[in-house]
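The values are calculated or read from the model by the stated rules, or taken from the named source; none is laboratory data. In this text, all values refer to a predicted model and were calculated from it rather than measured experimentally. In this analysis, Cβ positions are derived from the backbone assuming ideal geometry, glycine residues included, and neighbour counts consider all displayed protein chains. Accessible surface is based on the protein model in full, side chains and every heavy atom, while ligands, DNA and RNA are left aside. Shrake-Rupley method; radii C 1.70, N 1.55, O 1.52, S 1.80 Å.
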Amino acid sequence: MQPTGHLRGDAVHVAGDARQRFYDSRGYGRPLDGNEIALSRVEAAHLLFRGDLSGVALAPDADPVGFERFFVESAAAADRFAVRYLVYSDLRDRGFYLSPAREPWPGGTADVADAVDFVAYERGSTPDTGNVEYPVQVVGEREELAAAGLAGRTLAVVDEESDITYFAATEGRIEGATDYDPPDRLDGVLLSDRVVVWDAPEALYERGFYGQPLTGRAAAVEGALQLSLVEAASLAADGVLSLSASVGAAGETAGEDGADGTAPDGPAAAVVARGRDVEGERFDRRLAVYKRLRAADAVPKTGFKFGADFRTYLDVETVEDLPHSEHLVRVVDADHRFSPRELSLDVRLAGGVRKEMVFALTAVGRDADGDAPGNAGDAARDADVEWLSITRLTP
């Protein structure tokens with residue numbers, strides 16, 4: 001005959017030979033005095049569902065109830081019980097021993113965040129050995145989760161049909177090997193949403209993969225290169241790019257001493273101001289990430305075709321022999337909160353084009369008045385960037 005459990009607070013106590021039957025042999029629960037153990041609600045529900053418990057008494061002197069009643073009562077009493085049970089059951093069926101990731105359960109002393117629901121031990125490892133394979137955070141399809149601090153967790157997303165998708169969140173690292181230094185000086189014209197350099201050296205595009213040449217059949221103009229605003233702002237912040245003219249928002253053209261502000265504040269401030277005009281504060285975050293990637297000898301190019309901010313090339317020797325881009329990078333605010341659908345779309349698309357999905361969590365610094373930094377160098381220097389890689393996982 002199978003044993004009966006008794007609900008005590010938020011744990012189910014089981015006596016008799018429970019320690020040998022459940023904890024020692026299969027890693028359920030935590031030991032109490034003698035052979036008694038305590039089970040979490042999801043553990044007790046799983047044993048009830050399997051028929052390994054005959055029932056659970058919900059109160060002293062109450063008759064034991066079966067799985068259906070216990071499941072409903074637990075869903076009412078415990079936060080997110082249903083989705084947590086589904087993930088627990090799925091990982092158990094995959095051969096993992098699990099424990100709630102909190103004291104006093106085994107594994108509760110593991111170095112995991114409060115948001116982690118379970119620790120899954122390495123296959124063949126028991127709660128006594130404490131070798132944690134996956135710190136599992138359970139997320140419902142309609143929940144949100146903070147981007148900050150996700151690295152190191154396994155996300156188990158339960159959709160509306162109770163299917164489970166697993167993601168591995170790790171610290172992203174993008175380190176390139178592109179050996180190229182821009183020239184000392186470039187002269188450009190600031191247009192409404194880009195900069196044109198009329199006499200760009202060939203290597204700027206061919207070796208550094210900056211910009212896009214103005215080309216066409218039977219072109220009589222050579223050396224003209226269009227730079228994105230983020231490329232131009234980065235080069236201007238490094239003292240490479242100057243502006244000979246600027247086309248204002250209303251279409252007027254001003255020289256370097258004109259009213260557009262290029263002379264008093266410098267070309268970097270002018271390009272950043274134009275970037276903020278066309279895309280708001282997001283421009284500062286993208287610029288900070290762009291400069292970090294260039295500083296890591298990676299080459300960032302637009303990721304528009306993939307719904308991202310950048311795609312990256314790690315080792316560019318020449319554009320004529322361009323390697324496959326390795327990452328898609330999406331820039332988000334440091335306080336960003338993901339929806340599981342958002343994560344699934346980005347990760348699925350990146351995997352479909354054989355790239356790694358990396359999120360750049362970026363907090364751009366503020367000045368004493370609470371305003372964004374005034375120029376490109378400040379925007380990049382004051383930004384704190386946390387790299388987060390998300391990939392699909394099959395436990």
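At a 1.4 Å probe radius, carbon and sulfur cover how many percent of the accessible area of the range 1-138?
46
Give me the orientation-averaged projected area of the Cα convex hull of the range 42-86, in nm², one decimal.
Dividing the Cα hull surface by four gives the mean projection, 3.0 nm².
Note down the Stokes-Einstein diffusion coefficient of the range 96-224 in µm²/s, whole number, using a Kirkwood radius over alpha carbon pairs, 37 °C, and 0.692 mPa s.
The calculation lands on 167 µm²/s.
On the principal axes of its Cα set, how long, how wide and how thick is the range 142-196? Give whole Å, largest value first.
58, 31, 18
What value in Å³ per residue do you get for the convex hull of the alpha-carbon atoms in the chain?
In the chain, the Cα hull volume divided by residue count equals 179 Å³.
With a 1.4 Å probe and all protein chains kept in place, how do Trp105, Trp387, Trp198 rank by accessible area, largest first?
If we order Trp105, Trp387, Trp198 from most to least accessible, we get Trp198, Trp387, Trp105.
Given charges of +1 on the Cβ of Lys and Arg and -1 on the Cβ of Asp and Glu, with all other atoms neutral, how large is the dipole of the range 1-79 about its Cα centre, in debye to the nearest 20?
Computed about the Cα centre, the dipole is about 200 debye.
How long is the gain from Arg354 to Asp52 if the chain were fully straight, where each residue apart is worth 0.36 nm and the alpha carbon distance is subtracted?
104.2 nm is the gain from fully extending Arg354 to Asp52.
Indicate, rounded to the nearest 5 percent, the antiparallel portion of the DSSP beta bridges found entirely in the chain.
The antiparallel proportion sits near 75 percent.
Order Phe81, Phe71 by their accessible area, 1.4 angstrom probe, all chains in place, largest first.
The most accessible residue leads, giving Phe71, Phe81.
Please report how far the C-alpha centroid of the range 74-115 lies from that of the range 29-70, rounded to the nearest whole angstrom.
16
If you take every residue apart from Arg294 with its C-beta less than 13 Å away from the C-beta of Arg294, what net charge results, scoring Lys and Arg +1 and Asp and Glu -1?
So the surrounding residues net to -2.
Compute log10 of I(q)/I(0) for the range 282-327 with the Debye formula, placing one identical point scatterer on every Cα and leaving out solvent, at q = 0.13, 0.14, 0.15, 0.20 Å⁻¹, to two decimals.
Summing over Cα pairs of the range 282-327 leads to -0.29, -0.33, -0.38, -0.65.
Rounded to the nearest whole Å², what accessible area per residue is found for the chain with the 1.4 Å probe?
With the other protein chains kept in place, the chain gives 47 Å² per residue.
Could you give the length gained by full extension between Glu202 and Arg94, i.e. 0.36 nm per residue of separation minus their alpha carbon distance, to one decimal place?
33.2 nm
So between Tyr180 and Val72, what do we pick up on full extension, going 0.36 nm a residue minus the alpha carbon distance?
32.5 nm
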